[in-house]
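Worksheet: the structure to be examined is printed underneath.
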Amino acid sequence: MTAHRGFLERPDYRVDIHARRNLVTLTLGDAVLAESTRTLLVDEQDHGLVFYLPRADVRVPLSRAEGFTSTCPFKGVATYWNFAGDGGEPVVWSYEDPAPQVARLQGHVAFYQDRVTLRVGVATPAVSGR
C-alpha cells in the first residue's frame, strides 16, 4: 500500500475508522433521510467525530453538487451531494476513490451534522454492563 500524501508528510496523523452497529438515524424535520446499523465512525485527529453510512441506507435520492470540490490530504478527493432537484448547498459528501489508508470509506456517505439531525441509538442486541 502506497502512503497517501498527507500520511507521508505527517506519519503520526490518525484517522481511525470504527465499525458500529448502533442504529444511526438522520432526519430533516419529520423526514428520515437515512438509517443504518452498519455505520463507520471516523475519529480523525483535528476533526470532530463523523458517521459514514452505506450509500444503500440513504432513503432520499441524491444528486452530485456541481462546482463543489475539496481534497483532504489524508482521505482523498471529496464528492459533494445535495437532495435530488434541490440544487442548494451540499448536504452530503463522500470519497468515491479514498486513499488506501481509509479505503473502508468507499461506498459510504456522511451528512453535515449542522444541516440535519443525527441520532445514535442502541445496538441490537444491546450489551449490558450488568
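None of the figures in this text is laboratory data; all of them are computed from the coordinates on show. As the structure is a computational prediction, the values presented were derived from the model and not from experiment. Note that we place each Cβ from the backbone using ideal geometry, even for glycine, and neighbour counts take in every protein chain shown.
Taking label positions 7 Å along the Cα-Cβ direction at both T69 and L23, the computed distance is 4.1 nm, reported to one decimal. Once the convex hull of all Cα atoms in region 57-108 is built, its volume per residue stands at 67 Å³.
Annotation for region 14-107: trypsin sites (Lys or Arg not before Pro) lying in DSSP loop with at most 12 further Cβ atoms inside 10 Å of their Cβ are R14, R59. Phi-derived couplings, Karplus 6.51 cos²θ - 1.76 cosθ + 1.60 at θ = phi - 60°, listed residue by residue for region 74-88: 10, 10, x, 8, 8, 10, 10, 9, 10, 5, 3, x, 6, x, x Hz, with x used for Gly and Pro. In order along region 43-52, the Karplus-derived 3J(HN,Hα) couplings, from 6.51 cos²θ - 1.76 cosθ + 1.60 at θ = phi - 60°, round to 10, 9, 3, 6, 9, x, 5, 9, 8, 10 Hz, and Gly and Pro are given as x.
Take the Cα radius of gyration of region 1-103 and divide it by 2.2 N^0.38 Å, with N its residue count; two decimals is plenty. Can you show the working numbers first?
Values: Rg = 14.8 Å, N = 103, 2.2 N^0.38 = 12.8 Å.
So region 1-103 has a normalised radius of gyration of 1.16.
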